[in-house]
Amino acid sequence: MGFKQGRNGDKWNISLRKIKLPLLFILIFYSVAFWRYFATGNIFYIYNFVYIGTSLATGIFLSSVLPEKHILWGRRITQLLIGIYLLGYVGFIRHENIQIEGFFFYLFSGVFAGATLHYFIAKIVGPLIFGRGWCAWACWTAMILDFLPWKRPTARIKHLGAIRYLHFLLSLGIVSYFWFFLGTKDLFNNETTAVRWLAIGNVTYYVVAIVLAFLLKDNRAFCKYVCPVPVFQKLTSRFSLLKMTIDSSKCIDCGLCEKNCPMGIELLRYKNEGKRILSTECILCTTCQDVCPKNAIKVTFGLDRDIRKEYLRYRE
């Protein structure tokens, strides 16, 4: 997603080249829309993926053309458009549990529901193209967290990220218990149960996420340590075609990118090794690009070697 090609002060920075990346995402999501429609005959897939693709393309375009002081609103607008739509419409109005437990239930039952396709596109296969961009641009939990005041986090707490794997296993274990031991295989066919599970799960997420942000002075603490979704994403996002890149010929090693990175990545170590940002913690939020005084950071398209390099800033 990125978008900004040059510092533009108080002026809009519109040009034809700014539509290339938005058009790529429109092509991807519109293709999925018509693929699912012709495969199923369900018109829902048309307006669902056309809406998401258009919202994402709009945010990417705005992030590249808005005046510098308003640059964050490109991503924020997309977060709100997609997050509210998925949680409010797909979740509460269409009664689909798009929490991770809902995905496991639909997967076990062999139902290719909206939640199943959502995880497949956004969190399992999609990261091969756009990495963990979902976390920055479409997550309905993060859309709230990014409005909190602790935007420049301290270093990460080592080993605390293990909680996300425990959370993942707990969610899988709960669903397995209902499915295999209680025989409750039609749990989410009951719309009331699905909506209640979705509501309770999301309220819990928001409370835990906001409390963690306050305690650790870090908006993205929940994303780093507790959210189970990266367990999927980290497997495929390391192969992502889209990654951030620091141009060593322009970089002055001021360190602003690292100080402002919400995920606590040692960005300059990748630059010093002549590599793109290979960390699976990168969410393509483009914060590093936005704060760079020399316009030395951008999103690039390509393949990488040494994809297991994980450089993160930890507390001593």
### Query
Could you count how many residues in region 210-229 are in contact (Cβ under 8 Å) with a residue 12 or more places away in the chain, part of a helix (DSSP H, G or I) and among the β-branched types (Val, Ile, Thr)?
1
## Note on the structure
Okay, helices (runs of 4 or more DSSP H) sitting entirely in region 11-95 with 1 or more residues that are of a type outside the set (A, V, I, L, M, F, W, C) and over 19 Å from residue 284 (Cβ atoms), I get 20-40, 44-65
### Summary
For residue 121, the lone unmet condition from (1) within 13 Å of the chain's Cα centre (by Cα); (2) crowded, with 23+ Cβ neighbours inside 10 Å; (3) at pLDDT below 90 is (2)
### Query
Restricting the first residue to region 238-253 and requiring it to be part of a loop (DSSP other than H, G, I, E, B), which pairs with a second residue that is of a type in the set (Val, Ile, Thr) meet a Cβ separation below 6 Å and a spacing of at least six or different chains?
238/280; 238/307; 241/129
### Message
So, residue 175, is that one in the same structural domain as residue 225 (by TED's automatic domain parsing), touching a residue at least 24 places away in the same chain (Cβ under 8 Å) and either out of contact with any strand residue (DSSP E or B) (no Cβ under 6 Å at 6 or more places or on another chain) or over 30 Å from residue 300 (Cβ atoms) (or both) or not?
### Response
yes
### Query
Is it true that some residue in region 71-78 is of a type in the set (D, E, K, R) and either within 26 Å of residue 179 (Cα to Cα) or touching a His at 6+ places or on another chain (Cβ under 9 Å) (or both)?
no
### Task
Answer yes if at least one residue in region 195-208 is surrounded by 13 or more Cβ atoms within 10 Å (Cβ to Cβ), at pLDDT 95 or above, of a type in the set (Phe, Trp, Tyr) and assigned to a helix (DSSP H, G or I), and no otherwise.
yes
### Task
Residue by residue through region 100-145, note down the ones that are outside any helix (DSSP H, G or I), touching a Leu at 6+ places or on another chain (Cβ under 6 Å) and not hydrophobic (A, V, I, L, M, F, W, C).
131
#### Entry: Members of region 268-296 found to be closer than 17 Å to residue 132 by Cβ and in contact (Cβ under 8 Å) with a residue 40 or more places away in the chain, listed by number
270, 278, 280, 281, 282, 283, 284, 285, 286, 288, 289
### Query
Can you name the residue in region 164-175 that is out of contact with any Asp or Glu (no Cβ under 9 Å at 6 or more places or on another chain) and surrounded by 15 or more Cβ atoms within 10 Å (Cβ to Cβ) and is also nearest to residue 109 (Cα to Cα) among such residues?
168
### Message
As an exercise: evaluate residue 252 against (1) touching a helix residue (DSSP H, G or I) at 6+ places or on another chain (Cβ under 7 Å); (2) surrounded by fewer than 23 Cβ atoms within 10 Å (Cβ to Cβ); (3) of a type in the set (A, V, I, L, M) and give the number of the one condition it does not meet.
### Response
(1)
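The values are calculated or read from the model by the stated rules, or taken from the named source; none is laboratory data. Just so it is clear, the structure is predicted and the values come from calculations on it, not from any experiment. Glycine also receives a Cβ, built like all others from the backbone with ideal geometry; neighbour counts cover every protein chain displayed.
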